[in-house]
Amino acid sequence: MGNCTAATVEELQACESHQWYRKFMTECPSGLLTFYEFKQFFGLRNLSDTSNAYVKTMFTTFDMNDDGFIDFMEYVAALSLVLKAGVEQKLRWYFKLYDIDGSGCIDREELLLIIKSIRAINGGPCEMSAEDFANMVFDKIDINGDGELSYEEFMEGVQKDEMLLKTLTESLDLTHILNKIQGDIRGV
């Protein structure tokens, strides 16, 4: 059964796809992953209200047809985006994730809320406070100084600032989730 030994995302091909499908259907027999199941699937328990709201936003961005569920195709698309996509595709997803109210801009409060939520979920020490990090981001990439990051400001600013790009990419690094899923697949 589980004779695929693929260890890289690039090796997610035909035989591994079958295993991903089996894993998904084992965890979610209905074929539709609810928000509650999504949190269980990734081991997210006892979250603060802020962190729960962030995870809900992430769930919503993966629920591409807005039906309140993640089906297998959305699951594969989400994994592909998070694990295989290029920098520009990931930044587009980050922008959508950070723009909590869907206004088309990220304000300081939205960025601060996301940073705090990510840190609460990821744990571990941080070199600067969430407030200082949000201020630094706005100081660097809010070109017109209006207190909001437009899509263009976000995309250009993050891509031009190596440290900011690295920090954002690492904060949303979900390879630990891939490793958990692959470990579970091998155990199926």
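The values are calculated or read from the model by the stated rules, or taken from the named source; none is laboratory data. All values reported here derive from a predicted model rather than from experimental measurement. To get the accessible areas, we keep the full protein, side chains included, count just its heavy atoms, and leave off ligands, DNA and RNA. Shrake-Rupley method; radii C 1.70, N 1.55, O 1.52, S 1.80 Å.
Numbers for the structure displayed
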| quantity | calculated |
| --- | --- |
| Probe 1.4 Å, all protein chains present, accessible-area order of 127, 153, largest first | 127, 153 |
| Solvent-accessible ranking of 58, 73, 64, largest area first, probe 1.4 Å | 73, 64, 58 |
| Relative contact order computed over region 34-132 (Cα-Cα under 8 Å; 6+ residues apart), in percent | 28 |
| Percentage relative contact order, region 77-147, counting C-alpha pairs under 8 Å, at least six apart | 22 |
| Out-of-range pairs (alpha-carbon distance over 21 Å; input 56/140; 23/116; 84/116; 96/166; 140/160) | 56/140; 23/116; 84/116 |
| Listed residues 105, 126 arranged by accessible area, highest first, probe 1.4 Å | 126, 105 |
| 3J(HN,Hα) from dihedral phi, region 19-29, Karplus parametrisation 6.51/-1.76/1.60, rounded to Hz, x for glycine, proline | 5, 4, 5, 4, 4, 4, 6, 5, 6, 9, x |
| Area of residue 87 that stays accessible when all protein chains are in place (1.4 Å probe, Å², to 10) | 80 |
